[in-house]
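The values are calculated or read from the model by the stated rules, or taken from the named source; none is laboratory data. Here the structure is a predicted model, which is why all the values come from computation and not from measurement. A quick note on method: Cβ atoms are made from the backbone with ideal geometry, for glycine too, and the neighbour counts reach across all protein chains shown.
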């Protein structure tokens, strides 16, 4: 498994990161329903066997439940991996809130340090000066090794840097069906030497090759702007979506993959990692077999990369520069 060092840190991470959203007991989660601890343990074991050393979780995933499961699954192997987690629920955090959230995450993960501590959303920042000062304080205490952000746009990032902050990573959604970060966020990250952690690299399974029409997709995964607002009661974007365009594009991607003799998931993940500024992809798994499949990275030819670019360009134009998959008005600034 290829590894890279996150900019400005000594964190050497695998370019595949296991997303642990589903490592929780929240049976009400419509996107990634909970799975058993035994399954989560098997996923972690398989990841480590394949050379993956990077795991991403969050306070918000089942109110520290995902962190607890990950901590149990790692056990005495904690020092062998890089653990990323996030603070942030449905409110803005003061310095005291950050300290309390970090303490709870450390306890849940059964560790005395977090490798990468991330701000989940800009909405979780009460005061940027206070937030940066608190993250630096926790870093000086050794409770976190580095800090980063998730879902930050250029203005958010500039605000952080203007008060003396320096981040090593920005975790944002990016894949062949969702290229909005190419407009503004990738250029900003390249300018500041910020590593991009791409989440939803398979667009919640749409790029797995398993779904040929909208009705095949589980309801909890039909909340994005790819789908009509009427596709699920869980939708909140209020728009007509782009179902025809999306599934036409999926068909075109499948044709390119067939010609190149690679699976759609292999091509999708490898295409992301071939893009400038991408440090790692954060991909979930329901089974150890899916971990194995997601680790089958290939070296795509320049011709195949160009064809994938071309066949997804129209869909990129449809969605434009708003990186928010779920909302009509961007929460990224």
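For the stretch 290-333, the candidate set comprises residues that are surrounded by fewer than 14 Cβ atoms within 10 Å (Cβ to Cβ) and without any contact (Cβ under 8 Å) to a residue 24 or more places away in the chain; within that set, the residue that is farthest from residue 171 (Cα to Cα) is 303. Over 15 Å from residue 21 (Cβ atoms) and either surrounded by 19 or more Cβ atoms within 10 Å (Cβ to Cβ) or touching a helix residue (DSSP H, G or I) at 6+ places or on another chain (Cβ under 7 Å) (or both), is that true of residue 69? For residue 69, the condition - over 15 Å from residue 21 (Cβ atoms) and either surrounded by 19 or more Cβ atoms within 10 Å (Cβ to Cβ) or touching a helix residue (DSSP H, G or I) at 6+ places or on another chain (Cβ under 7 Å) (or both) - is not met.
Considering only the stretch 228-242, I want to know if a residue exists there that is at pLDDT below 90 and closer than 25 Å to residue 170 by Cβ. Talk me through it step by step, then tell me what you get.
Taking the stretch 228-242 first, the residues at pLDDT below 90 are 228-242.
Still in the list and also closer than 25 Å to residue 170 by Cβ: 236-237.
Checking the stretch 228-242: at least one residue is at pLDDT below 90 and closer than 25 Å to residue 170 by Cβ.
Counting only strands (runs of 3 or more DSSP E) that sit wholly inside the stretch 1-95, those with at least 1 residues that are free of Cβ contacts under 8 Å to residues at least 24 places away in the same chain and in contact with a strand residue (DSSP E or B) (Cβ under 9 Å, 6 or more places away or on another chain) are 3-5.
Return a yes/no flag: does the stretch 17-37 have any residue that is within 26 Å of residue 137 (Cα to Cα) and either surrounded by fewer than 20 Cβ atoms within 10 Å (Cβ to Cβ) or at pLDDT below 95 (or both). The answer is no, given that none of the residues of the stretch 17-37 is within 26 Å of residue 137 (Cα to Cα) and either surrounded by fewer than 20 Cβ atoms within 10 Å (Cβ to Cβ) or at pLDDT below 95 (or both).
Determine whether residue 119 is farther than 28 Å from residue 14 by Cβ, surrounded by 16 or more Cβ atoms within 10 Å (Cβ to Cβ), at pLDDT 95 or above and within 23 Å of the chain's Cα centre (by Cα). In short, no.
Please state which one of 197, 206 is at pLDDT below 95 and either surrounded by 22 or more Cβ atoms within 10 Å (Cβ to Cβ) or closer than 30 Å to residue 161 by Cα (or both).
Step by step, each of 197, 206 is checked, and only 206 is at pLDDT below 95 and either surrounded by 22 or more Cβ atoms within 10 Å (Cβ to Cβ) or closer than 30 Å to residue 161 by Cα (or both).
Every condition in (1) at pLDDT below 90; (2) closer than 13 Å to residue 177 by Cβ; (3) touching a helix residue (DSSP H, G or I) at 6+ places or on another chain (Cβ under 7 Å); (4) buried (at least 19 other Cβ atoms within 10 Å of the Cβ) is met by residue 285 except one, and the failing one is (2).
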